[in-house]
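One structure is given here, and the rest of the page talks about it.
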């Protein structure tokens, strides 16, 4: 028996981006893992973010060079290793004047508030001053210098109204400072791909890797017991070697449930977003996005999202269960007003908002001060319970998820005396293999090989990358899901292979239908029928699943699925 054969499984609580990255790192290095999630994979902040892969331009203003450098290096990796999910995005910063904000930015950059002189000086400085052209260009120069990207161009300066730039208010803004970051339209799919990588390796190497969604795990007399949330039945009992608390903003609540006493670790802030199909706004953006400063100094993104527009985000302190966070009317009106202030002739109204959502960032607890100044890095807090070490993950974000997962795995493997034999620094995310230079041409080739329509192939490609060829080859059914171009055969494959536990899992996170305005009652009904056909739910459970799904869509996304099928055209 090898040393790895004698290692007890690591229990990971939470199947968000951080927990899944840690699971992948450990499994790839031969460490058995049991991953337990009370809801679904990627339910929390992972699915409720701005969907940007970025270096954190504003972190420079707070002098956090380490975080910016790490973020930019990881951005470069994601562009190479997950091109099916991560795409370059040009962002434009509208600027009103040449000078402004220099003193305030320098004050934050040098962290003068740490000193008594700085605190005295801050009383005489304006509470805010719009960042002028000089400040923005200095920041972007540092950004480019740290990134040294071989994949993305350096920043440029353009006059408002130049060809190829967003249509911002020329009476207010005179310049656009443009730079590149990246966008991940479907972090939910990215997380599933990471788990698929771990599952495939575990199967090939005979490593224990269990995933329990809609389950909880608690200390009991015989060890840790995994129980179904729905009925409390125990499904697995074991002794973990160590526990990773990767429940994000729920981290303190998770420790309370395990009867672990510690100081408060997390103080999340709520970030709300909306999606609108407003054609004038989408046309005004062109191929890029806008990164604008609000009148109160807060920063807002206005981003292309397919044929729609994604606008966010707010940054408000949040108390209570993160699952209760929803976008308030005040937040939505603020984001609408900000959009109208920036984009010329937009006239966006509340009626134009078709989808909205809100997530709680798992930030460290900072009892006072501006939310924008709360550190955005990542940390590990270690404690014990019944002799078992528990590591609670604090912070983290989409961009740095791999690096954070690597750091946590190194800590755990060191504790278990396991040597690293594989890393993920150059490991492709499943679906990135042999990635085509021309996606449309590739989809037409696969369509001719499989008999599917090119639009159907493209729909699956957006969810799976190059894995879609293998998936579509395995089925002869060509019918599409009503209101979409997604093949029903792919829906069936997803139900069988991607840890679907409820209709909501399928609608919201596996197929991403919740974020598209063409979702209909018929679409949801057919999905429920496919779940019945697969044996995942019974006919008696079908109507309750539909009801629960519709309730979740309304509460968490503001989506009311009432559109008659006859009025809906496929995307």
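The values are calculated or read from the model by the stated rules, or taken from the named source; none is laboratory data. Since this is a predicted model, take the numbers as computed values, not measurements. Note that each Cβ is placed from the backbone with ideal geometry, even for glycine, and that neighbours are counted across all protein chains shown.
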Which condition breaks for residue 554 when tested against (1) surrounded by fewer than 17 Cβ atoms within 10 Å (Cβ to Cβ); (2) in contact (Cβ under 8 Å) with a residue 24 or more places away in the chain; (3) under 17 Å from residue 355 (Cα atoms)? (2)
Quick one: residue 407 ticks every box in (1) in contact (Cβ under 8 Å) with a residue 24 or more places away in the chain; (2) out of contact with any helix residue (DSSP H, G or I) (no Cβ under 8 Å at 6 or more places or on another chain); (3) not assigned by TED's automatic domain parsing to the domain that holds residue 196 bar one, so which box is it? (3)
Exception for residue 377 within (1) modelled with pLDDT of 95 or more; (2) under 26 Å from residue 26 (Cβ atoms) falls at (1)
Going by what's in this entry, would residue 217 be described as in the same structural domain as residue 12 (by TED's automatic domain parsing), at pLDDT 95 or above and in contact with a strand residue (DSSP E or B) (Cβ under 8 Å, 6 or more places away or on another chain)? yes
Tell me yes or no: at least one residue of the stretch 473-496 is farther than 27 Å from residue 37 by Cα and under 22 Å from the mean Cα position of the chain (by Cα). no
Of all strands (runs of 3 or more DSSP E) completely enclosed by the stretch 133-214, which ones contain at least 3 residues that are within 30 Å of residue 65 (Cβ to Cβ)? 156-159, 175-184
Under the condition of being closer than 25 Å to residue 50 by Cβ and out of contact with any helix residue (DSSP H, G or I) (no Cβ under 7 Å at 6 or more places or on another chain), which residue from the stretch 255-280 is surrounded by the fewest Cβ atoms within 10 Å (Cβ to Cβ)? 279
Subset of the stretch 30-40 [touching a helix residue (DSSP H, G or I) at 6+ places or on another chain (Cβ under 6 Å), within 30 Å of residue 419 (Cα to Cα) and not in a strand (DSSP E or B)]: 30
The one condition in (1) buried (at least 17 other Cβ atoms within 10 Å of the Cβ); (2) at pLDDT 95 or above that residue 519 fails to fulfil: (2)
Output the qualifying pairs, or none if there are none: Cβ atoms under 6 angstrom, residues six or more apart or on different chains, first residue in the stretch 478-507 and assigned by TED's automatic domain parsing to the domain that holds residue 193, second residue surrounded by fewer than 22 Cβ atoms within 10 Å (Cβ to Cβ) and in a loop (DSSP other than H, G, I, E, B). none
Consider the stretch 519-540. How many of its residues are out of contact with any helix residue (DSSP H, G or I) (no Cβ under 8 Å at 6 or more places or on another chain) and assigned to a helix (DSSP H, G or I)? 1
Given the structure, is residue 58 assigned to a loop (DSSP other than H, G, I, E, B) and modelled with pLDDT under 95? no
Given (1) within 24 Å of residue 187 (Cβ to Cβ); (2) out of contact with any helix residue (DSSP H, G or I) (no Cβ under 6 Å at 6 or more places or on another chain); (3) free of Cβ contacts under 8 Å to residues at least 60 places away in the same chain; (4) not in a helix (DSSP H, G or I), residue 426 misses just (3)
Give me a count of the residues in the stretch 208-220 that are touching a helix residue (DSSP H, G or I) at 6+ places or on another chain (Cβ under 6 Å) and over 18 Å from residue 499 (Cα atoms). 0
Report whether or not residue 263 is within 30 Å of residue 390 (Cβ to Cβ) and modelled with pLDDT under 95. no
Under 26 Å from the mean Cα position of the chain (by Cα), within 22 Å of residue 273 (Cα to Cα) and surrounded by fewer than 22 Cβ atoms within 10 Å (Cβ to Cβ): does that describe residue 512? yes
Positions within the stretch 382-410 being touching a strand residue (DSSP E or B) at 6+ places or on another chain (Cβ under 7 Å) and closer than 12 Å to residue 243 by Cα, in sequence order: 382, 383, 384, 385, 386, 388, 389, 390, 391, 392, 393, 408
Can you run down the residue pairs with Cβ atoms below 7 Å, 6 or more apart or on separate chains, where the first is in the stretch 337-353 and outside the structural domain of residue 560 (by TED's automatic domain parsing) and in contact (Cβ under 8 Å) with a residue 12 or more places away in the chain and the partner is in a loop (DSSP other than H, G, I, E, B) and surrounded by fewer than 16 Cβ atoms within 10 Å (Cβ to Cβ)? 344/170
Looking at the structure I just gave you, is residue 163 closer than 20 Å to residue 282 by Cβ, without any contact (Cβ under 8 Å) to a residue 60 or more places away in the chain and out of contact with any strand residue (DSSP E or B) (no Cβ under 9 Å at 6 or more places or on another chain)? yes
Within 27 Å of residue 184 (Cα to Cα) and at pLDDT below 95 - does that describe any residue in the stretch 123-136? yes
